[in-house]
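Asker: Could you have a look at this structure, given as structure tokens, before my questions?
The values are calculated or read from the model by the stated rules, or taken from the named source; none is laboratory data. This one's a predicted model, so the numbers in the text were calculated from it and none came from an experiment. In this analysis, Cβ positions are derived from the backbone assuming ideal geometry, glycine residues included, and neighbour counts consider all displayed protein chains.
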Amino acid sequence: MDSIALSSDNVYKVIDVLRSVLGEGEVNLHHPIFRGNESKYLNDCIDSTYVSSVGPYVEKFEKDLAAFTGAKYAISIVNGTAALHLALLLAGVNRGDEVLVPTLTFIGTPNAISYCGAIPHFVDSESITFGIDPFKLRTWLNKIAHIKNGMCINHQTGKVIRAIVPVHIFGHPCAIGELTELANEFHISLVEDAAEAFGSWYKGRHAGTFGDLGVLSFNGNKIITTGGGGAILTDNQELAIRAKHLSTTAKKTHLWSFDHDSIGFNYRMPNINAALGCAQLELMPEFLSSKRLLFNAYTSAFEFISGLKILKEPSDSKSNYWLQAIVLDPQNSHLKEQILQLSNNAKIMTRPIWKLNHHQDPYKMCPRADDLTIAESLIGRVINIPSSAGYI
Ligand SMILES: *Cc1c(COP(=O)(O)O)cnc(C)c1O
């Protein structure tokens, strides 16, 4: 077939192609799929009366997560944002510190930084992985920061740059190898936001296992769900013990006494959510292959339209293909709204990428790199398309 160049006259072809892959009817962006042991484990949980703060499914889910990801420890948490908050505290983020974070991420990432009393410092992304650009970041840090007493000081603001939070956008691993090196070199702790990347690997290692701590989310729109939920991954036993302790109100182990050794959090995952998670985890191999097949189907279906592409996993990586995306060539960014309009009119749910965080009201005054051009460009030309497992 001859290829056609995308233009405002043939935008409807994009909708035709989506239909050819997805079939008839209303299609949402992402929905959970329960076709395993979900009801069985949930009923078991209810029958046992252990639906809340303790129970055997919590321990099983944590063990299964550790086995799946290869992390030594997994601590289940009430949601991904709370997991990030706790992970940042454990990484030593203090009030008044700066934390490097991509401006192109879900607002939950900078929110968790703010819960620590710390200040998000926004940096740019690159257009292959959609994650932090390590080369640009190095240039920026060389310009604004120096090392003093083993700490990275931003000499423009006088604050300590304590941590960096790389994000694996849509499940595609970012340049985490280079970012880990950079963090070590600049004495910055690394906490990975792998909320979207459960089931993604970078050079054979699971996302979320590169930094001191990594975070997953099991919200309803993620690759597997516990209703609401998250987890902290770490190889460090001491951090794992503290994560569990702080997430369970920092109560000292005792049969009846209420002794708490610090201000803890009620961030534990209830047993009933973990029960759902145990069942969902069993379906992961199926979800992963289904999502990869969907990516392949979109890629070949869109082959005859030039001027856009389907976002592909970076080399060296194996993505979970959680959320599929059309990336318009820069000269076609003016077609984004038209594609969103036509597809949503046709009851095919599509969405633009988030608004950049440095443009969000609470974050307008935060420090940021002088060059955020790639993030600015990407938000103008990325469209997420239906991505649930099970279309193919
Ligand atoms: C979903 C998500 C979170 C937050 O997870 P919740 O479980 O919804 O709190 C954080 N960061 C990113 C990049 C996410 O996509």
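Asker: Within region 200-222, is even one residue in contact with a His (Cβ under 7 Å, 6 or more places away or on another chain), within 11 Å of the ligand (Cβ to nearest atom) and of a type outside the set (A, V, I, L, M, F, W, C)?
Answerer: yes
Asker: Then there's this: Here is a check on your reading of the model: is Val99 β-branched (Val, Ile, Thr), in a strand (DSSP E or B) and over 23 Å from Ile223 (Cα atoms)?
Answerer: Yes, satisfied.
Asker: Please count how many residues of region 1-36 are touching a Leu at 6+ places or on another chain (Cβ under 9 Å) and of a type in the set (S, T, N, Q).
Answerer: 2
Asker: Go through Leu342, Leu372 for me and flag whichever is within 17 Å of Leu308 (Cα to Cα) and either at pLDDT 95 or above or in contact with a helix residue (DSSP H, G or I) (Cβ under 8 Å, 6 or more places away or on another chain) (or both).
Answerer: Just one listed residue meets the conditions, Leu342.
Asker: Scan region 193-206 for residues that are outside any strand (DSSP E or B) and either at pLDDT below 95 or among the acidic types (Asp, Glu) (or both) and jot them down.
Answerer: Glu196
Asker: Being among the hydroxyl-bearing types (Ser, Thr, Tyr), under 24 Å from Val167 (Cα atoms) and in contact (Cβ under 8 Å) with a residue 12 or more places away in the chain is the filter here, so list the residues in region 268-298 that pass it.
Answerer: Passing the criteria: only Ser290.
Asker: Thr105: within 13 Å of the ligand (Cβ to nearest atom) and part of a loop (DSSP other than H, G, I, E, B), yes or no?
Answerer: For Thr105, the condition - within 13 Å of the ligand (Cβ to nearest atom) and part of a loop (DSSP other than H, G, I, E, B) - is met.
Asker: In this structure, does Lys318 turn out to be surrounded by fewer than 17 Cβ atoms within 10 Å (Cβ to Cβ) and not aliphatic (A, V, I, L, M)?
Answerer: no
Asker: So is Leu190 modelled with pLDDT of 95 or more, within 10 Å of the ligand (Cβ to nearest atom) and either out of contact with any His (no Cβ under 8 Å at 6 or more places or on another chain) or not in a loop (DSSP other than H, G, I, E, B) (or both) or not?
Answerer: No: the conditions fail for Leu190.
Asker: With a cut-off of at least 2 residues that are surrounded by 16 or more Cβ atoms within 10 Å (Cβ to Cβ) and in contact with a strand residue (DSSP E or B) (Cβ under 9 Å, 6 or more places away or on another chain), name the helices (runs of 4 or more DSSP H) lying wholly within region 10-72.
Answerer: Helices (runs of 4 or more DSSP H) meeting the threshold: 12-22, 56-69.
Asker: Looking only at residues in region 223-272 that are among the charged types (D, E, K, R) and assigned to a loop (DSSP other than H, G, I, E, B), which one is surrounded by the most Cβ atoms within 10 Å (Cβ to Cβ)?
Answerer: Top of the filtered list is Asp235.
Asker: Then there is this: So Lys252 passes all but one of these: (1) within 16 Å of the ligand (Cβ to nearest atom); (2) among the basic types (Lys, Arg); (3) modelled with pLDDT under 95. Which condition number does it fail?
Answerer: Only one criterion is unmet by Lys252, namely (1).
Asker: Okay, moving on. If you check Asn332, Asn357, Asn344, which single one turns out to be out of contact with any His (no Cβ under 9 Å at 6 or more places or on another chain), of a type outside the set (D, E, K, R) and without any contact (Cβ under 8 Å) to a residue 12 or more places away in the chain?
Answerer: The match here is Asn344.
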